[in-house]
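The block underneath contains the structure these notes are about, expressed in structure tokens.
The values are calculated or read from the model by the stated rules, or taken from the named source; none is laboratory data. Being a predicted model, the structure only gives us computed values, none of them experimental. In this analysis, Cβ positions are derived from the backbone assuming ideal geometry, glycine residues included, and neighbour counts consider all displayed protein chains.
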Amino acid sequence: MFDINAVRNDFSFINQKINDGYSVYLDNAASSQKPRSVVDEISRVYHEEYANVHRGIHYLSMKATENFENARAEVTNFLNSQNENQIIFTKNATEAINLVASSFGSKFEKGDEVIISILEHHSNIVPWHFLRERNGVVIKWANIDESGCIDVDHLESLITKKTKIISVTHMSNVLGTVQPLKEIINLAHQRDIPVMVDGTQGAVHNNIDVSDLDVDFYVFTGHKLYGPSGIGVLYAKKEQLDNMIPYQGGGEMIAEVTKDTVVYADLPQKFEAGTPPIVQAIGLGHAIKYIKQIGISEIHKHEKQISDYAKEKLAQIDGINFLINPVKSNGIFSFTMDGTHPHDVSTIIDRKGVAIRAGTHCAEPLLQTFNVTSTCRASIGMYNNEKDIDSLYDSLLYCKKFFS
């Protein structure tokens with residue numbers, strides 16, 4: 001049974017006085033708040049069990065290595081990966097995508113094609129532009145349908161013999177729509193094309209099973225999943241990792257170095273050069289333990305309930321325009337207010353303690369398709385309740401009156 005009051009008691013920011021109101025945090029798609037237990041665990045490790053990992057044979061190093069690898073095991077279980085060696089720690093999801101684009105894409109030649117969708121975050125656009133600029137790779141863009149989901153028929157029409165990878169989001173960070181991943185992956189695999197999924201939002205609001213999806217690459221970040229910043233995850237099939245060159249060189253990713261040769265380390269260290277984000281990884285592992293303890297499915301049910309309530313409330317305000325019909329949006333929804341710039345909306349409602357995001361949300365190509373330069377975006381976390389949505393509603397009415 002999901003106990004919203006117990007959950008809210010786990011987060012210190014709640015009931016914090018901000019300007020003329022109390023903290024209502026609805027910018028979770030940008031980054032989530034952290035439960036007290038995660039913050040305490042990070043502090044405890046720094047105070048009691050910190051050392052570099054995989055190097056020393058003294059107690060603290062071995063204990064830090066144990067904690068670090070236990071975090072990898074937590075991530076493995078969270079994704080239902082078959083092997084811990086398929087989990088690569090990075091500094092964030094952006095780096096994970098760059099790793100794949102750089103290492104997997106190192107053999108792409110002029111005229112080879114990459115398919116992405118118009119929904120993508122800049123982190124799943126710019127790395128492919130690097131390959132376009134450096135190697136002459138062609139980027140193809142899959143359209144979306146009226147519901148805000150990738151048009152699979154259109155995506156299929158883009159596939160040719162030169163298609164080297166399809167890289168798409170699991171869940172739009174602007175529209176909150178969940179994409180038909182299985183259909184896309186099955187379609188791609190029928191043509192022996194690998195698929196990467198940006199799970200930055202999807203991992204927060206959906207149950208993830210990379211084995212069932214049969215996805216080649218899946219990335220997500222810790223700081224949106226109630227964990228610390230500075231930690232991201234790349235899951236990849238072993239056969240893909242075995243055939244990829246290392247992303248960076250240095251300590252840890254080598255087995256042997258001479259004047260003339262380098263022998264790379266086994267997985268996953270092959271892709272984890274240098275000192276890794278040790279405490280950040282441990283913090284992510286603890287965050288996953290926390291949400292499992294609360295109940296992942298229960299969290300998702302609660303988020304859907306609050307999201308539905310929010311869409312219903314905001315639809316009652318004249319002049320509020322959703323970017324799309326939000327029927328398929330879950331946890332994230334973008335809107336505009338007639339006659340008022342989104343930055344002004346965000347600034348004014350912040351006076352009431354309500355935090356939302358205003359801008360392009362690192363998804364300019366998507367906003368360009370809607371002929372808007374920026375929007376307001378509200379995004380739900382596990383700790384949000386109906387009172388938070390009522391505060392958003394009241395603050396938007398205040399904003400509307402302020403500019404009338």
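Some points to look at:
- Counting only residues that are among the basic types (Lys, Arg) and either outside any helix (DSSP H, G or I) or over 23 Å from Tyr247 (Cα atoms) (or both), the stretch 54-84 holds 2 of them.
- Selection from the stretch 236-267 of residues that are in contact (Cβ under 8 Å) with a residue 60 or more places away in the chain, surrounded by fewer than 16 Cβ atoms within 10 Å (Cβ to Cβ) and closer than 30 Å to Ile296 by Cβ: Lys238
- Residues located in the stretch 1-53, provided they are without any contact (Cβ under 8 Å) to a residue 12 or more places away in the chain and either touching a Cys at 6+ places or on another chain (Cβ under 6 Å) or small (Gly, Ala, Ser) (or both): Ala6, Ser43
- Test set (1) under 23 Å from the mean Cα position of the chain (by Cα); (2) part of a loop (DSSP other than H, G, I, E, B); (3) under 19 Å from Asp390 (Cβ atoms) - Arg8 fails condition number: (2)
- When Val38 is tested against the conditions (1) in contact with a His (Cβ under 8 Å, 6 or more places away or on another chain); (2) among the aliphatic types (A, V, I, L, M); (3) surrounded by fewer than 21 Cβ atoms within 10 Å (Cβ to Cβ), the lone failure is (3).
- Out of Ser172, Ser211, sole residue that is surrounded by fewer than 18 Cβ atoms within 10 Å (Cβ to Cβ) and within 30 Å of Pro35 (Cα to Cα): Ser211
- Residue that is nearest to Phe333 (Cα to Cα), among those in the stretch 11-38 that are of a type in the set (Phe, Trp, Tyr) and part of a strand (DSSP E or B): Tyr25
- The residue that is nearest to Pro276 (Cα to Cα), counting only those in the stretch 1-30 that are small (Gly, Ala, Ser) and either exposed (fewer than 14 other Cβ atoms within 10 Å of the Cβ) or touching a strand residue (DSSP E or B) at 6+ places or on another chain (Cβ under 6 Å) (or both), is Ala30.
- Contact map, the stretch 283-304: residues that are closer than 25 Å to Glu66 by Cα paired with residues that are of a type in the set (S, T, N, Q) and part of a helix (DSSP H, G or I), Cβ distance under 6 Å, separation 6+ or inter-chain. Pairs shown: Tyr290/Ser37.
- Residues that are free of Cβ contacts under 8 Å to residues at least 40 places away in the same chain and under 27 Å from Asn206 (Cβ atoms), drawn from the stretch 347-367: Ala358, Gly359, Thr360
- Sub-8 Å Cβ pairs linking a first residue in the stretch 216-235 that is touching a residue at least 12 places away in the same chain (Cβ under 8 Å) and aliphatic (A, V, I, L, M) to a second residue that is in a loop (DSSP other than H, G, I, E, B) and surrounded by fewer than 24 Cβ atoms within 10 Å (Cβ to Cβ), at least 6 apart or interchain, are Leu225/Ser32; Ile231/Lys91; Ile231/Asn92; Ile231/His223; Ile231/Pro277, ordered by first then second residue.
- Pairs are defined by a Cβ separation below 6 Å, a sequence spacing of at least 6 or placement on different chains, a first member in the stretch 60-86 that is over 25 Å from Ser211 (Cα atoms) and in the same structural domain as His223 (by TED's automatic domain parsing), and a second member that is of a type in the set (Ser, Thr, Tyr) and buried (at least 16 other Cβ atoms within 10 Å of the Cβ); no pair meets this definition.
- Scope the stretch 151-201; condition more than 26 Å from Leu323 (Cα to Cα) and within 15 Å of the chain's Cα centre (by Cα); matching residues: Met196
- Wholly enclosed strands (runs of 3 or more DSSP E) of the stretch 85-144 bearing at least 3 residues crowded, with 20+ Cβ neighbours inside 10 Å: 87-90, 113-117
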